[in-house]
Every structure is written in C-alpha cells, then in structure tokens.
Amino acid sequence: MKITIFGSGYVGLVTGACFANVGNQVVCVDIDQAKVDALNAGQVPIYEPGLESYLSGSLADGNIKFTTDAAMAVQHAEMIFIGVGTPANEDGSADLQYVLNVASTIGEHMDGFKVVVNKSTVPVGSADSVAQQIQRALDKRNVDWDFSVASNPEFLKEGAALADFTRPDRIIVGTDSARVEEMMHELYAPYNRQRDKLIFMDVRSAELTKYAANSMLATKISFINEIANIAELVGADIEQVRIGMGSDARIGYSFIYPGCGFGGSCFPKDLRAMEATAINAGYRPKLLSAVTAVNDEQKHRLFDKLSNYFNGDLRGKTVALWGLAFKPGTDDMREAPSRLLMEALWRQGGSVRAYDPHAMEATQSIYGVRDDLLLCGTKEAALRGADVLVVCTEWKPFWSPNFSEIKAALTYPVIFDGRNLYDPKRLQEHGLQYFAIGRQNHIQSGETAVGDQLANASGAPVEILKADNIVLS
C-alpha cells in the first residue's frame, strides 16, 4: 500500500518504519530539511531500541523516504496519517494547530479519494475538526473530492515501541466507513495474523479510548505511590504489599511499581487534556485531578528525603545521580523526575554528578553548561567526589552494582532509591544507609539521620572503570 505520514517525530517515525518494514511504500513529511536529510541518511534523532535498524533496512529496500514536499506526499498515497505533535495549551487542553495545518495542506493538494487518519493523540471531536478543515480547503479550490477521516490512536511505550506496534494488544480504529475498515484490514494484516486485534468503533469513542487508557495507567501509578507513602508512615513494606495486591487477577502486577513519579510526553499531558475535555463538556473529573496532584507531589519525594537527611542544608553537597531519562529505554527528558530533583538541589546550593546510558545529550541541550552539573561517562565516575547516591531511573546497569565500591566512593554511605531497586537487608549488610519509596529507612546503629560523616571503609581510592566522558565543562 502507498502510505503518507505527516510528522517524523516519535509517533510518525515508528509508524512509518514499521509499515515500510513489511513492504508498504511510505513517504514521511517534515518541515525541517536538515532533519529530512538526516533521516534519509539513516540517522535517527531519538533513541528507541531497534528503530535505527528498521529504518536502515527500509531505506535500503526503497520502501521509505522523507521529504518536505507536501504536495508530492499527498498525491502519493490514498491513506494519509497525521502524526504531528499536539502540545498542551495553558489550560491543559491539546493544541490542534499542527494537526489542522496538516488537514489544510491535504485539502490543498489532494487529487482524488483519500483516507485521512488521526494517529496523533487528539481530543474527542478532532476528526470532525480535521474534516471541516479539509472541506474548507477543497471549497477554496472549487473541487469536490471524496474523503474519509478516521481515528487510529497509537499505543506505543517509549523503549518498547517496535514491539508494541508489531505485536499489539489491540488496534483501535474509529470509522463509520466500510471502505476504511477494509483498507485497515489490509494495512495491518502483517501484524494481525495470530488473532484479529482490530477493534472498530465510532470515531469519538476511538478518540476517547486513547485518553482513557493512559489515564487508567497513570491512575494505577499514582494509587500505588499513595499507598507507598502510607506504608512508609505505618511501618509496612510497599514491595510486599505490591506483591500481595498484584496476586489478585482483578488488579494484576502491571503499573503498580512505586517510585518517584511518572513523566514523559504522554501521561502528564494526556491527563491534563482529558481533564480539560471533561471540564469543557461540563463535568469536573475529581479522580483525574487527584492522579495529577499525587504525581506532582511524588516527584518531590526524593528531594524531601535528601533535604531531611542533611537537616535542610544542602549547600556544598554533591549528589551522584544515576538516571536522567523519565524511564529506561529512552532518552526522553520531558517531565522527568530527575529534572525537578536537580533543579531543587541547585536552588539549595547543591551540585550534581550524573550518568544516564542515553539521556546525556538531551540533558545537556536542556541545561547547557553550568558549574553545578557534571555529566560523567560511567555510573562509577559519577560516584567520584559525591556525598550521596540518588537513583532516579531504573536502567538495567543500575540493578546489581558493586555496593562496596559505592560505599567507598561516597562521603556519606547512603543511597536514595527512587525506584526501589535494592534489597534493604543486603544494603544494611554492606554498611549502607538506604532510603527508598514506601519502605522503612535503614540506618546503621549508632548513626544519626544525617549520617555522621564516615570515613571510607578501606580508605582506598575508588577504581573508575573508564575515564570521565565530560559533556559539560
């Protein structure tokens, strides 16, 4: 099939690469010529496991190309996907200007029947707005081409997008057209062989399904974080509670991992957009508001623990920070808990030595060069000269570190764990104090909460596995 996709960001790029990988002829449109040139050369601007390989293969096969020529792209395909950004307005509602600009472009250049598919996350009623915009452009041309607007929301997790696209739980399509249903069956056939995962519904229901799904997942995260905060106060261990809860099939284990809050480009924005949609419709969603409020507070938990440990005086303190991206498997720093932590530390006169496997460049692009931030080449290098260690992102290389090396490197033998990666008893055996989420604080006997400044157990220097790769100077 001949497919055109407007937008070569996260959604558009993954969608285009996956459709092209099974033999479709895909054209992706972007307004940035430098980005288009880089993509045509196989250079992927984001980190997503496996994406670069998919793109390189499809480019070599001639199944995908990138262009700034919107007219050519519209005329290339019978099915056109809109995958541009929908940033939040000040009131939290989704800004549709880029979506509607694409709709106008389609109407200005279409030369026959087109199926226009909203792949971007858009509020309920957006398909109607897109249809009206296309029709206005056609009316200006005094032409009357037939077209249909459908909704096909994406359900892609950053870090697992290819698996989500190629082995989906469901494929939601909102349409009232039998012709569109037939085309969607053909398009998704390579990823729909084991069982029929296509679920057809009316367009508005499809648009709401995306927001409802993300809101539900965010609710589970905020719920377990709320319970974790209670567990910490009453002397329970949230990790044991989580296992007991998850054993109930009605609850399950997914998305009930406590931590320092969720971030990224989807959950926070979609919650706000869902809330704005409800308010505009005359309903005030108390639960959605609470989910956002709990998450906003949770992002401050690590800093509060750190500040309490030092009795509110963080001046001159250096924090080793493991993990910058909002989750493992991505370089996305949007609304990442690490950002709030670092910014709060800087306001209090602290400094950061940070390491992340993939989000270093993104961090540098946000904060530039500053004396109180050093990006290090390894997690071990980040420990050197640090007072304490904070874990913000649960990257696999952080799961089984050398605890003896950590203790020897830090001025204060303490770990603040925002993802509950470690066994408190094991850290206690290594002589490390441990502050996690929803668990009892583990402090060695004879030590104060501020951790009397202890000398390194061995007195030996820390072995750095490789030299600092200093991005910031």
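The values are calculated or read from the model by the stated rules, or taken from the named source; none is laboratory data. This is a predicted model, so every value here is computed, not measured. Here the Cβ is made from the backbone with ideal geometry for all residues, glycine too, and neighbour counts use every protein chain on show. Only protein heavy atoms, including side chains, enter the accessible area calculation; ligands, DNA and RNA are left aside. Shrake-Rupley method; radii C 1.70, N 1.55, O 1.52, S 1.80 Å.
Numerical summary
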{"read-out": "Exposure rank, largest accessible area first [286, 327, 305; 1.4 Å]", "value": "286, 327, 305"}
{"read-out": "Packing rank of 141-148, 232-239, where each peptide gets the mean count of other beta carbons within 10 Å, highest leading", "value": "232-239, 141-148"}
{"read-out": "FRET E, pair residue 281, residue 135, Förster distance 22 Å, beta-carbon r, rounded to 0.05", "value": "0.35"}
{"read-out": "Loop sites in region 312-344: trypsin sites (Lys or Arg not before Pro), DSSP, at most 10 other Cβ within 10 Å", "value": "315"}
{"read-out": "Among beta bridges that DSSP assigns inside region 1-121, antiparallel share in %, nearest 5", "value": "5 percent"}
{"read-out": "With all protein chains modelled, accessible area of residue 185 [1.4 Å, Å²]", "value": "80 Å²"}
{"read-out": "Computed label-point distance, nm, for sites residue 179 and residue 293 using a 7 Å Cα→Cβ extension", "value": "5.0 nm"}
{"read-out": "Crossing angle, helix 51-61 versus the chain [Cα axis fit, 0-90 degrees, rounded to tens]", "value": "30 degrees"}
{"read-out": "Additional length obtainable on full extension of the chain from residue 249 to residue 399, 0.36 nm per residue less Cα span", "value": "51.2 nm"}
{"read-out": "Three-way shape call for the chain based on the alpha-carbon gyration tensor, with the a/c threshold at 1.5", "value": "prolate"}
{"read-out": "Region 213-346 - Debye-derived log10 I(q)/I(0), Cα point model, q = 0.10, 0.18 Å⁻¹", "value": "-0.39, -1.11"}
{"read-out": "Over region 139-249, equivalent-ellipsoid semi-axes from the Cα gyration tensor in Å", "value": "41, 18, 11"}
{"read-out": "Accessible surface of residue 406 - all protein chains present, 1.4 Å probe, nearest 10 Å²", "value": "0 Å²"}
{"read-out": "For region 285-380, alpha-carbon Rg over 2.2 N^0.38 Å", "value": "1.14"}
{"read-out": "Translational diffusion coefficient (Stokes-Einstein; Kirkwood radius from C-alpha pairs) of region 80-140 at 25 °C, 0.890 mPa s, in µm²/s", "value": "207 µm²/s"}
{"read-out": "Relative contact order (%) - criterion: Cα under 8 Å, at least six apart; region: region 164-284", "value": "23 percent"}
{"read-out": "Nearest-ten-degree value, helix 10-21 long axis tilted from longest Cα axis of the chain", "value": "60 degrees"}
{"read-out": "Solvent-accessible surface ranking, highest first, for 98, 47, 434 at 1.4 angstrom", "value": "98, 47, 434"}
{"read-out": "Distance between region 98-162 and region 241-260 - C-alpha centres, whole angstrom", "value": "39 Å"}
{"read-out": "Folded to 0 to 90 degrees: helix 97-109 orientation relative to the chain principal axis, Cα", "value": "30 degrees"}
{"read-out": "Cα centroid separation, region 293-361 to region 387-407 (Å)", "value": "14 Å"}
{"read-out": "Where 248, 202, 332 fall by accessible area, highest first, once all protein chains stay in place (1.4 Å)", "value": "202, 248, 332"}
{"read-out": "Fraction of beta bridges assigned by DSSP in the chain that are antiparallel (%, nearest 5)", "value": "5 percent"}
